[in-house]
Amino acid sequence: MIDPHAGADAGIRLLCVPISEPFARASAEILCTFRELADKALAAPDELDPNGVFRREAVALAALPDGQQKEARQGLHSLAVDGGQLIWVHAVDHIRALEHDILMQPPPVWSPLTLARVVLEGCSFTHYLYDPSIPLAQRLARVSGLCVSEANNEARAAASFGPEEQAAARTRQAEAQKLVREANAVERLNSRRNRVIGYTVDGEEAPLDHKIGAQAKAFLPDWAADAYPLLSGAAHGRPWMIARARRAGGWVGEAATVMAAVMTVMGAVESGIKAWGDYFGTDVSGALDEMATARTGFLYKGVALAHANDQ
């Protein structure tokens, strides 16, 4: 049995066995359970708590003097909401992919870790935009950086699609820069290269290109944070990580790999749902309680299921 309150590496040696079908099914089922509970928690309520962070920010923006700064800041605020939702949908799509990946025959080797990393970074990125602990000016600075950096990325990628796409991307790039400028987000420059490295809004600074990996481990609850080096090693194809699966008869996926992936996803979803509820002022406590109960049940039986083929 694994202590459900311990880290992701707890009992790891007991899980260094090939992936059994019962363990794979249980892992896919817990991921499906979390995905469905998340969908239920994030279903739009009839109305948002007027004391929630989002509603208070919207009221503060509405109270600004009429003009282009007010309109631009409200536009950035809307982009934060849209961006967080888009990134979350992307993360959930990869949870569904992970459910199917775990059930593959022959079992997967490294892919559960890479899929779990996508989920972690997506949930963490959503938290970066919805973080309920930061002031409105910090959120606007973060969205300013995201708005411009994504427009820059799109413009660079458009070269692969032809002149029409390039022209459209350059237009969107100019629009992003105009929106940020009208919001009175001040560029922060690298003194040596004279390049934009971020934005300042009312004294609050944020980078142009936020490094999600720097935040991801801190975003996870303590019981899931230990798995991050494994995800990173698999995602970047590091020999120290991928060589673990080598056996005399070929490559073998381990239950430990699946457990690390599942623990990471459960932790990322729980943390993401909590931030979402705190920001929008919606009650997600019921979903979080159900997730904790389901997670505890899965972890208690994890080792037995992993060794099911030995019995």
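The values are calculated or read from the model by the stated rules, or taken from the named source; none is laboratory data. Because the structure is a prediction, the values reported are computed rather than measured. When we count neighbours, we look across all protein chains shown, and the Cβ atoms used for this are built from the backbone with ideal geometry, even at glycine. Keep in mind that these areas ignore ligands, DNA and RNA; they rest on the heavy atoms of the full protein, side chains included. Shrake-Rupley method; radii C 1.70, N 1.55, O 1.52, S 1.80 Å.
Has segment 1-12 got at least one residue that is over 22 Å from Ala268 (Cβ atoms) and modelled with pLDDT of 65 or more? Spell out the reasoning first.
Start the filter on segment 1-12 by keeping residues that are over 22 Å from Ala268 (Cβ atoms), which leaves 1.
Remaining after also requiring modelled with pLDDT of 65 or more: none.
Looking through segment 1-12, none of the residues is over 22 Å from Ala268 (Cβ atoms) and modelled with pLDDT of 65 or more.
Might you check whether a residue that is surrounded by 18 or more Cβ atoms within 10 Å (Cβ to Cβ) and closer than 21 Å to Glu121 by Cβ occurs anywhere in segment 289-300?
Restricting attention to segment 289-300, the residues satisfying the condition of being surrounded by 18 or more Cβ atoms within 10 Å (Cβ to Cβ) are 291, 295, 298-299.
Next, only the ones that are closer than 21 Å to Glu121 by Cβ stay: 291, 295.
Yes, that holds for at least one residue.
Taken across segment 15-38, residues that are surrounded by 14 or more Cβ atoms within 10 Å (Cβ to Cβ), on the phi > 0 side of the Ramachandran plot and either in a helix (DSSP H, G or I) or touching a residue at least 60 places away in the same chain (Cβ under 8 Å) (or both) do not occur at all.
Restricted to segment 141-165, and to residues there that are touching a helix residue (DSSP H, G or I) at 6+ places or on another chain (Cβ under 8 Å), closer than 22 Å to Ala72 by Cα and of a type outside the set (A, V, I, L, M), the residue that is surrounded by the most Cβ atoms within 10 Å (Cβ to Cβ) is Ser144.
Restricting segment 39-54 to residues that are part of a helix (DSSP H, G or I) and either modelled with pLDDT of 95 or more or within 14 Å of Arg139 (Cβ to Cβ) (or both) leaves a set whose member that is most open to solvent (accessible area, probe 1.4 Å) is Phe54. Could you tell me whether any residue of segment 218-232 is of a type in the set (D, E, K, R), modelled with pLDDT of 85 or more and crowded, with 16+ Cβ neighbours inside 10 Å? No, every residue in segment 218-232 fails to be of a type in the set (D, E, K, R), modelled with pLDDT of 85 or more and crowded, with 16+ Cβ neighbours inside 10 Å.
Residue-level check: of (1) in a helix (DSSP H, G or I); (2) modelled with pLDDT of 90 or more; (3) basic (Lys, Arg), Arg244 misses just (2). Residues of segment 166-178 include none that is touching a residue at least 60 places away in the same chain (Cβ under 8 Å) and either under 30 Å from Leu42 (Cα atoms) or crowded, with 17+ Cβ neighbours inside 10 Å (or both).
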